[in-house]
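Beneath this line is the structure, given in structure tokens, with notes to follow.
The values are calculated or read from the model by the stated rules, or taken from the named source; none is laboratory data. Nothing here was measured: the structure is a model prediction, and the numbers come from that model. Neighbour counts run over all protein chains shown; Cβ positions are idealised from the backbone, glycine included. Surface areas here come from the heavy atoms of the whole protein model, side chains and all, with no ligands, DNA or RNA. Shrake-Rupley method; radii C 1.70, N 1.55, O 1.52, S 1.80 Å.
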Amino acid sequence: MAASITVSPSKMGIFIALMALSLLPEYALGVTRHYEFNITMQKVTRLCHTKSMVTVNGKFPGPRIVAREGDRLLIKTGQSYVYNYTIVGQRGTLWWHAHISWLRSTVYGPIIILPKKDVLYPFQKPYKEVPVIFGEWFNTDTEAIITQALKTGGGPNVSDAYTINGLPGPLYNCSAKDTFKLRVKPGKTYLLRMINAALNDELFFSIANHTLTVVDADAVYVKPFETDILLIAPGQTYNVLLKTKPTFPGASFLMTARPYATGQGTFDNSTVAGILEYESQPITSLKKLPLLKPTLPALNDTNFATKFSKKLRSLASPQFPANVPQEVDKHFFFTVGLGTNPCDQPGGCQGPTNTTKFAASISNISFIQPTTALLQSHFTGLSSGVYSPNFPYSPHWFNFTGTPPNNTMVSNGTKLMVLPFNTSVELVMQDTTILGAESHPLHLHGFNFFVVGQGFGNYDPKKDPKNFNLVDPVERNTVGVPPGGWVAIRFFADNPGVWFMHCHLEVHTSWGLKMAWLVLDGDLPNQKLLPPPADLPKC
């Protein structure tokens with residue numbers, strides 16, 4: 001079975017990132033499913049505010065893509081352009097979203113990857129599967145918000161509400177009718193496909209008086225574990241099992257989410273809520289039932305965040321092994337964090353001082369977006385003036401998590417890290433406290449990676465690797481760099497091309513916390529970068 005998605009942008013230039021791996025178009029497996037995506041402006045009302053915004057098929061969130069592991073997806077954009085790739089080694093939940101500026105605030109939707117036909121889940125088969133997508137609602141235009149922020153150099157205005165499946169819920173003013181309700185039957189097991197599509201916030205989530213069992217992270221099975229509270233960063237996904245009460249409980253239950261915030265900047269300090277209702281009684285009687293509310297951690301509860309992340313382990317079974325690189329060809333150490341650029345506005349800026357703008361960087365390089373596509377310039381051999389293949393991998397050492405240096409200025413450039421095909425990579429990402437310690441959910445395109453270690457303070461290259469987990473570390477595509485700490489990942493660079501890596505807090509990406517890896521071709525025909533299709537829109 002395969003899938004074909006036609007995307008018509010209605011005169012809008014828009015790139016949609018589909019969070020699935022392995023560009024293997026030579027494998028066609030079975031029937032083709034056709035989806036049509038029409039990208040249009042749509043009037044949407046939330047919190048008694050109506051605005052026209054970019055949507056797919058007029059929906060907010062957008063439509064779901066459903067496929068099986070091994071299926072081919074064909075996605076058309078522009079007039080006739082086709083995204084063509086095969087889903088390999090993934091099963092669970094991923095998502096697609098716009099990848100230009102802040103358009104993903106409204107342009108996103110789920111990718112549901114079922115196991116191969118006749119292959120069972122490695123856990124109890126659920127009675128029903130339900131996508132639960134967190135997002136943010138802005139009363140004003142998000143493009144105007146980030147444009148203004150980049151001009152003034154200050155922090156952008158925060159969202160007016162969080163949403164569950166596009167709905168803010170009853171805890172916001174003028175929002176009771178816009179509430180996500182999950183109606184369940186007693187004694188059943190539901191699979192909730194959780195996605196954090198919020199622009200700028202990691203979120204705690206809980207359902208009152210119910211326990212969740214985590215079984216999948218970023219479309220890779222994990223060793224199941226129970227938790228009352230989920231922590232999910234932007235870009236991350238989880239599949240969790242919800243087992244309902246054996247009999248009608250005589251109550252309804254709020255499911256709430258609010259931010260995990262570690263930085264010093266402003267954030268949306270509000271709570272989104274949906275309602276879990278049991279079906280055993282007439283709907284009219286549900287209004288008379290007590291509505292129970294869960295307790296969420298404190299906004300800055302890094303202790304909970306650390307304990308939660310340490311529970312995540314790969315399933316590492318014979319059927320679903322954890323192929324962790326045991327030997328490493330290339331060791332890299334990147335710093336990640338905030339910094340400043342000089343103010344370029346008459347009358348001063350709104351950054352940390354009136355003479356500076358906020359910036360963000362990896363290894364003190366704040367990424368400059370090129371006007372020519374990186375992949376295009378690499379493939380054609382015309383990269384001169386587009387990018388430099390000399391990304392710094394061993395920065396100037398200082399006390400990264402101690403007293404910040406006096407000079408907070410970043411460098412600016414378009415630099416790539418070049419890797420030979422199938423290089424085994426170990427990357428340590430170290431948060432800095434230059435403008436305050438902060439958690440950074442880093443996402444790598446084109447690859448899954450194994451999270452082999454993490455800790456607080458400065459990474460110690462002599463002591464810390466002794467505690468790395470090389471047996472069953474969690475495998476995923478987005479990981480949080482702890483505030484004032486570090487995380488170590490390993491992966492095989494076995495996917496030729498140019499691959500973006502960035503913080504999934506959109507404001508940090510806008511400020512330059514991003515870079516790219518260039519993976520060279522291998523020797524075999526199936527290890528080489530494919531030529532661009534004839535209908536590829538020119539950048």
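So in the chain, what percent of DSSP beta bridges are antiparallel if you round to the nearest 5?
Values: 99 of 143 bridges.
Expressed as a percentage, antiparallel bridges in the chain total about 70.
Starting from the Cα of Ser317, step 7 Å along the direction of its Cβ; do the same at Asp141; then give the gap between the two resulting points in nm.
Distance between label points: 5.1 nm.
What is the spin-label model distance, in nm, from Ala298 to Glu327 if the labels are put 7 Å beyond Cα along the C-beta direction?
In this crude spin-label approximation the distance works out to 4.8 nm.
Under 21 Å between alpha carbons, and skipping anything fewer than 8 positions from Lys243 in its own chain: which lysines qualify?
Result set, ordered by chain and number: Lys125, Lys128, Lys181, Lys185, Lys188, Lys223, Lys293, Lys311.
With every protein chain present, what is the per residue accessible area of the stretch 316-377 (1.4 Å probe, Å²)?
Details: 3060 Å² over 62 residues.
Per residue, the stretch 316-377 has 49 Å² of solvent-accessible surface.
Quick check: with the 1.4 Å probe, what order do His331, His210 take by accessible area, largest first?
Details: His331 110, His210 10 Å².
Descending accessible area places them as His331, His210.
Run the numbers for Gln264 and Gln527: contour at 0.36 nm per residue of separation, minus the present Cα-Cα distance, in nm. The partial results should precede the final answer.
Values: separation 263, 0.36 × 263 = 94.68 nm, distance 4.48 nm.
Between Gln264 and Gln527, full extension yields 90.2 nm more.
How far apart, in nanometres, would the label points at Lys151 and Thr306 be if each is projected 7 angstrom from Cα along the Cα-to-Cβ direction?
Going by the 7 Å Cα→Cβ label model, 4.3 nm.
Could you tell me the calculated FRET efficiency between Lys128 and Phe248, based on Cβ-Cβ distance and R0 = 22 angstrom, to the nearest 0.05?
Working: r = 18 Å, r/R0 = 0.80.
For Lys128 and Phe248, the calculated efficiency is 0.80.
Set the Förster radius R0 to 25 Å, insert the Cβ-Cβ distance between Lys463 and Lys223 as r into 1/(1 + (r/R0)^6), and round the FRET efficiency to 0.05. Intermediate values should be presented prior to the final figure.
Details: r = 27 Å, r/R0 = 1.07.
After rounding, the FRET efficiency stands at 0.40.
On the accessible surface of the chain, probed at 1.4 Å, how many percent belong to carbon and sulfur atoms? Walk me through the numbers on the way to the answer.
Working: 11860 of 22510 Å².
C and S atoms contribute 53 percent here.
Based solely on its DSSP helices, what 222 nm [θ] is calculated for the chain when runs of n ≥ 4 H residues each add -39,500 (n - 2.57) and the sum is averaged over all residues, nearest 500 deg cm²/dmol? Working shown, then result.
Working: 5 runs with 36 residues, N = 539.
Roughly -1500 deg cm²/dmol at 222 nm, from the helical runs in the chain.
For Val119 and Lys59, FRET efficiency with R0 = 35 Å and r from the beta-carbon atoms, rounded to 0.05?
Details: r = 30 Å, r/R0 = 0.87.
It comes out at approximately 0.70.
So with the 1.4 Å probe, I'd like the accessible area per residue for the stretch 424-539, rounded to whole Å². List each step's numbers first, then the result.
Working: 3970 Å² over 116 residues.
Per-residue accessible area for the stretch 424-539 comes out at 34 Å².
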